[in-house]
1. Under 1.5 on a/c is rounded, so check that first for segment 11-90, then, if it is not, pick prolate when a/b is larger than b/c and oblate when it is not; a ≥ b ≥ c are the square roots of the alpha carbon gyration tensor eigenvalues.
2. Could you state how much accessible area residue 78 has, in square angstrom rounded to the nearest 10, with a 1.4 Å probe and all protein chains kept in place?
3. Given a 1.4 Å probe and the protein chains all in place, what does the accessible area of residue 434 round to, in Å² to the nearest 10?
4. Working out 0.36 nm times the residue gap between residue 2 and residue 371, then minus their Cα-Cα distance, what length gain in nm do you get to one decimal?
5. Using a 1.4 Å probe on the protein heavy atoms only, what accessible surface does residue 464 show? Give it in Å² to the nearest 10.
6. Note down the net charge around residue 400, summing +1 for each Lys or Arg and -1 for each Asp or Glu among other residues with Cβ under 13 Å from its Cβ.
7. Quick one: which residues, 5+ away or cross-chain, put their amide H under 5 Å from the amide H of residue 276? H built at 1.01 Å from N.
8. Give a residue-ordered list of calculated ³J(HN,Hα) values for segment 19-33 (Karplus: 6.51 cos²θ - 1.76 cosθ + 1.60, θ = phi - 60°; whole Hz; x for Gly, Pro).
Amino acid sequence: MAIKTPKEIVRILNEYIIGQDEAKKSVAIALYNRYRRMQLNKKMQKEITPKNLLMAGPTGVGKTEIARRLADIVDAPFVKVEATKFTEVGYVGRDVESMVRDLVSEAVRMEEKDQFERVKPQATKEANKQLVRLLAPGVKRENRESQMQQMQDMMSMLMGGGNQNNNDQEEVTDEVRNQRMDVAEKLNKGLLEDREVTIEVEQAPKASPMSDMMGQMGMDMGSMLNDIMPKKKVKRTLPVKDAREVLIQEESRKMVDYDTIYQRAIERSQNNGIIFIDEIDKIIAGNKRNSGEVSREGVQRDILPIVEGSTVNTKYGPVSTDHILFIAAGAFAESKPSDLIPELQGRFPIRVELNALTKDDFVKILKDPQNSLLKQYVALMKADGIKLVFTQEAVDKIAEIAFDVNQGTDNIGARRLSTILEKLLEDVLYEGPDMEMGEITITEAYVEDKLGDIITNKDLTKFIL
Ligand SMILES: Nc1ncnc2c1ncn2[C@@H]1O[C@H](COP(=O)(O)OP(=O)(O)OP(=O)(O)O)[C@@H](O)[C@H]1O
Ligand SMILES: [Mg+2]
C-alpha cells in the first residue's frame, strides 16, 4: 500500500482545490493517523479510535470537492454519502446502515481487484487459450459414437463439468490442431485484436430492492440466488481485444478465493474505512413545529451508534464500525454544528472551517486546477478545431463579476463561475462548428460586452447568472 504523508496528501489536494489550507491539513492528518495506528500493537490499536472530522463552511467553497478528491487519493475503502438520502428506521428510504454496507462492497471491489491483479498472468493465459479454441473451433461430431458416450457426457454435466462438455462434442482433427497453432501465433503477435468472436458470458445477477433488503438482514442474496438458480448465460460478439478482457475476468473469478476476499475486505473496512457524510447540516431539525422535521433528528439518532462504534450486519459478515473514520461536511447556513444532537456533536471532535472564496481565489479556480473550468472549455472548443484563449484581463473580469454577483444576490461560491462562463461563452459554443476561425480570444471587452447588461440589471442577474 502506497502510504502518503500528510504533506503529500495536501500536495495532491492542492492540484484541485484552491485555498482551504486548514481543511486540507486536518484531513491529511486524519488520514495519516490511520496509518500510524496500524503500526502499533493490537492492544494499543484497539484503544485509539479515529478523531472524526467536521467541515463547515459556506456553500460552493470546496467541501464536496475535497471529498471527491479524497476518493482518488486514499488507498482505503471510501464512500461518500449524503445525509439527506437517509430516513429514520421504519420509514421508506435508505437506512443509515447502508453506508457501512456500501463501504464493505467498495472494500470487496478493491480486494477483488488486488487479487485479480495477482492471478492476471494465469488468467490471461487461460483466456488466450479459449480465444484460440473459439477462433479455430473443432469439427462438430456428427453422431454420437455410442450410448456410452452420451452417458458419459451426461455424467460429466451433472458433476459440474458443463463447460468442458461443449468441447467434448468437438473433434480436434490434425487440421484443427494446425489451425489453432496458426491462430495462437497470430494472436500472440497481436494480429487478431479486431477480429470478432462470440463468447458466452454469465449475466451478472441484477441488484434488486429485495436483495438490498436481504443484505440488511445480513443475508447474502447474491450467493443464495447463485446457489439456487442456474447461471444465465448470454452470447456476445466482441472484437478479440474486448473479448479477452471479459474472459480474463471470468477466469480470474474462478482462480481467486472469495472467502478470503470477503474476510480481508471486512478487515480493511474496519481498520481503514472512511465514510464521508456530506450535507450533515440538512438533518438538523430547524423548526420543531414542523412535523416533518422530527424524522431528521431520528436520522441523527440512527447515525449515532454507527459513528460511536457498533456492529453492522452485511452480506459479507458483521462489520465493526469502531475504527472507521467519519468525515462530515455541511454548509450550516441556517444552523450551527451545535444544533446537532449533543451526542453526535461529541463524535466529531475536530472542526474545520472552510473560508468564503475571494476574487483572487476565483481567478485561481478558473485557471489552476488540473481540470479547471477554463481548461474544460478550451478542450471542448478544441473538438471544433478552435483554439480558445482567455486574456488575463478577461479572467480577472470574470472573477470580479462572479464575486460581485455573489455579493449582490445569493452567495453560491465557486458555482457562480460555471453559470457566468456558460452565459459568456454561449455564442462561441453555438457558432463554434460553423466558424472559419482557428482561434478565438476572449478579451476583457468581450466579457463586458456579453455580461455588462446583465450585471447592471439586478433582476436579470438573478434570473440568468
Ligand atoms: N476551493 C475550491 N477550489 C477549486 N474549486 C472549487 C473550490 N470551491 C469550489 N469549487 C468548485 O465549485 C463547485 C462547488 O463546490 P463544492 O461542491 O465543493 O461546494 P460545497 O462546499 O460542497 O457546497 P455545498 O455546501 O453547497 O454543498 C465544484 O465544482 C468545485 O469544483
Ligand atoms: Mg457540497
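The values are calculated or read from the model by the stated rules, or taken from the named source; none is laboratory data. Note that the coordinates shown come from a computational prediction; the quantities given were computed from them, not determined experimentally. Cβ sites come from the backbone with ideal geometry, for glycine too, and all protein chains shown count toward neighbours. All accessible areas refer to the heavy atoms of the entire protein, side chains included, with ligands and DNA or RNA removed. Shrake-Rupley method; radii C 1.70, N 1.55, O 1.52, S 1.80 Å.
1. Verdict is oblate for segment 11-90.
2. 20 Å²
3. Its heavy atoms expose roughly 120 Å² to the probe.
4. 130.4 nm
5. Estimated to the nearest 10 Å², residue 464 gives 60 Å².
6. With Lys, Arg at +1 and Asp, Glu at -1, the net is -4.
7. Placed amide hydrogens put 79, 80, 81, 327 under 5 Å from residue 276.
8. 3J(HN,Hα) across segment 19-33, in whole Hz: x, 6, 4, 4, 4, 4, 5, 4, 4, 4, 5, 4, 5, 5, 4.
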